[in-house]
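Chemist: Submitted below is the structure of interest, expressed as structure tokens.
Any read-out appearing in this document is the output of simple, stated calculations on the displayed coordinates, not a laboratory observation. Quick caveat: nothing in here was measured; it's all calculated off a predicted structure. Neighbour counts run over all protein chains shown; Cβ positions are idealised from the backbone, glycine included.
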Amino acid sequence: MKKSIGDNMIPKDWGLERGLELIKKAGFDGIELWLGDVPWFQMATTDAQVRELRRKVESAGLVVSNVSTGLHWASPLSARDPAIRAQAARIVERQIETATLLGTDAILVVAGLVTEEVPYNEVYQRCVEALKPLGEKAARAGVKIGCENCNSEQRFLLSPREFAQFLNDINSSAVGLHLDVGNIHDTGFAEQWIEIHGPRITRIHLKDVLKHRGRSGDQSVYTNLFLGDNNWPAIRAAMTKVGYDGWLIAEMEARYRYAPDQQFYDTAQAMDRLISGRF
Amino acid sequence: MDMTRREFLGYSAGGLSVMGFRLPTSTPAAPVAWKLNKWRAFGISEECMIPESRRGYDAVIPEERRRFDPSDTGDAVRCCSLVILPSLLFLTPPFAELFTGCMNRGTTVIVESGAGFTSHRTFRRHRRELREGLQISVAAPVDLWSKGSTAPYVEYTWPRRAKVRDFSRVVPPGEQPGEIIAWAGDLPVAFKRRVGAGTLIYLGSPLGPALWAGDVEARRWLFAVALAA
């Protein structure tokens, strides 16, 4: 297994080059690039600039683990407005294009967003319909679309079996699950998601979760690895059972208040413990 | 939904009868009289403004009862008892004449506005073509959710009561002759009026997406219109 961390974790005032240096020094193998979250990787970033981005990553001794984005929270594939939906599809297409340019084979997509206004049945069908052609595009590019389980935030696809049905309905080998083991909260257990989805898992996001906080308060439900309620030995065992040997990507919501670089070292070491199974 | 088995069978049988299906029976079915006995969803444009609306009608209307070919303006449309224009955006004069002729002969035409999410410029053309073509007056789109949470339903009062999810944007009917048949809160959303021997039904909130999402109430409402046509 290889370790990665998002470029959106790089302290704002550090810049990309210094951030890459830190990520490498902390012991990571790769970097997750967040389209739209950081100044160096936007929708308007040209192909030439993306190639230059790849050169910088590789010069630092890293590779790109995957291309993620948070842009679908504002522009979901499930929007009723056709113009927003078209923009959402364009974001996925750009992710596929840039993944190819960056030499990676996986992207993260937040597939749909259930709201008071846009109900579940609509979101489900719209996402399936949108992801079928996008899956074909991804397959042609040799890229896999990983739909992230943002269970509580999306209020969508809350159980692993329902998620499996969703993927069955899309019926594309290029569309799978980008599993976030911290996002399951109190609606289930990450290790069970791993067992059910096995080979359909494209990438795994790592963070821990404080289940007792819930999502209704003003405190973050997420925390650093081993501080929360995830059953890490069970998660590690499930990875072994299904033969997952891919990228593990750290995704921390809260940053260290002081010595922000220390979070990278601590996280990398915790991931090493997880990978080696030494609890 | 609180639909009894009896109601379900009644509406299903009614809907299927209108569509010309043979119903389960111990005696041979009588030949179907085709004159004004078909109903069709008819797309003027291949590019629907709200594609899920057309798909909704696709989902509930049997294949032989729907036609989306824009070139099919002949007898196939003229002999229908019910014609549906899903998420309509533009209505050119030849189509307006065609549908007016249909209504004069007794057809019910459902005009479902697809202009809720369009630009101001596109909406102005939509409004003008509806006014000039079918004498339908519409007001500017209303975003039902712009002021936060609301009861997300359109309440139909004719031909049966039905509660169907709104579709965020409504193109309300303006002041004109006819009977209001649906409301979103206190906002009128749909009306009907006689045109010749037929009926014009205008829907300012698209029904198709609710059909597409599997809303039983929406389907029952549509079948009730088909029975009334």
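Chemist: Can you find, among B:Pro141, B:Leu88, B:Ile181, the residue farthest towards the positive end of the dipole of segment B:34-228? Put +1 on the C-beta of Lys and Arg, -1 on that of Asp and Glu.
Modeler: Towards the positive end, the residue furthest out is B:Ile181.
Chemist: Rounded to the nearest 500, what is the 222 nm mean residue ellipticity of chain A from helices alone, with -39500 (n - 2.57) per DSSP H run of 4+ residues and division by all residues?
Modeler: -13000 deg cm²/dmol
Chemist: What's the exposure ranking of A:Lys12, B:Lys147, A:Lys137, going from fewest to most Cβ atoms within 10 Å? Provide the component values of the computation, followed by the final result.
Modeler: On the way: A:Lys12 11, B:Lys147 7, A:Lys137 16.
The fewest-first ordering by Cβ neighbours comes to B:Lys147, A:Lys12, A:Lys137.
Chemist: In addition: Counting other beta carbons within 10 Å of each residue's own, what order do A:His205, A:His212 fall into, fewest first?
Modeler: Placing the least packed residue first, the sequence is A:His212, A:His205.
Chemist: Using a cut-off of under 18 Å, list every residue of segment B:194-212 whose amide N is near the label point 7 Å from the Cα of B:Asn104 along the Cα-to-beta-carbon line.
Modeler: Under 18 Å, as judged by backbone N against the label point of B:Asn104, lie B:194-201 of segment B:194-212.
Chemist: Okay, next question. Straight-line reach from A:Lys207: which lysines fall under 26 Å, measuring Cα to Cα and dropping same-chain residues less than 8 apart?
Modeler: Answer for A:Lys207, where 26 Å is the Cα cut-off: A:Lys2, A:Lys3, A:Lys12, A:Lys24, A:Lys25, A:Lys144, A:Lys241, listed by chain and number.
Chemist: If you take every residue apart from A:Val118 with its C-beta less than 15 Å away from the C-beta of A:Val118, what net charge results, scoring Lys and Arg +1 and Asp and Glu -1?
Modeler: Value of the local net charge: -4.
Chemist: Okay, next question. Kindly point out which whole DSSP H helices in chain A project their C-alpha atoms 24 angstrom or further along the helix axis while averaging a Kyte-Doolittle hydropathy of -0.5 or above.
Modeler: Passing helices, by number: A:82-102.
Chemist: On to the next question. Can you give the Kirkwood hydrodynamic radius for chain A, in Å, rounded to one decimal and based on Cα pairs?
Modeler: Averaging 1/r across every pair of different Cα atoms and inverting gives 18.9 Å.
Chemist: Can you check what the net charge comes to around B:Ile180, using other residues whose Cβ is under 13 Å from the Cβ of B:Ile180 (Lys, Arg +1; Asp, Glu -1)?
Modeler: -2
Chemist: May I ask you to sort A:Phe226, A:Phe166 by Cβ crowding, counting other Cβ atoms within 10 Å and putting the fewest first?
Modeler: A:Phe226, A:Phe166
Chemist: Looking at the protein assembly as shown only, what percent of DSSP beta bridges run antiparallel? Nearest 5 please.
Modeler: Numbers: 23 of 68 bridges.
In the protein assembly as shown, approximately 35 percent of DSSP beta bridges are antiparallel ones.
Chemist: Let me ask something else about it. Just counting partner chain Cβ atoms within 10 Å, what average do the residues of peptide B:210-216 show around their Cβ?
Modeler: Partner-chain Cβ atoms within 10 Å, mean over residues of B:210-216: 3.
Chemist: Taking loop as defined by DSSP and a crowding limit of 16 other beta carbons within 10 Å, which trypsin sites (Lys or Arg not before Pro) in segment A:168-216 fit?
Modeler: Hits after loop and neighbour filter: A:Arg215.
Chemist: Let me ask something else. Can you pull the mean other chain C-beta count within 10 Å for peptide B:168-178?
Modeler: Numbers: counts 5, 2, 0, 0, 0, 0, 0, 0, 0, 0, 0.
Mean number of neighbouring Cβ atoms from other chains: 1.
Chemist: Moving on. Label segment A:138-279 by shape, choosing from rounded, prolate and oblate, from the square roots a ≥ b ≥ c of the eigenvalues of the Cα gyration tensor; if a/c is under 1.5 it is rounded, and otherwise prolate applies when a/b is larger than b/c, oblate when it is not. Spell out each step's value before the answer.
Modeler: Working: a/c = 1.69, a/b = 1.39, b/c = 1.22.
The shape class here is prolate.
Chemist: Separate question: What GluC sites (Glu not before Pro) in segment A:195-279 are in a loop by DSSP, with at most 16 other Cβ atoms within 10 Å of the Cβ?
Modeler: For GluC sites (Glu not before Pro) across segment A:195-279 that sit outside H, G, I, E and B with at most 16 neighbouring Cβ atoms in 10 Å, the list reads A:Glu253.
Chemist: Further question on the same structure: Extension gain A:Glu17-A:Ala74, at 0.36 nm per residue separation less the Cα-Cα distance, in nm?
Modeler: 17.6 nm
Chemist: Along the Cα→Cβ direction, 7 angstrom out, place labels at A:Asp245 and B:Thr150. What is the inter-label distance in nm?
Modeler: 5.6
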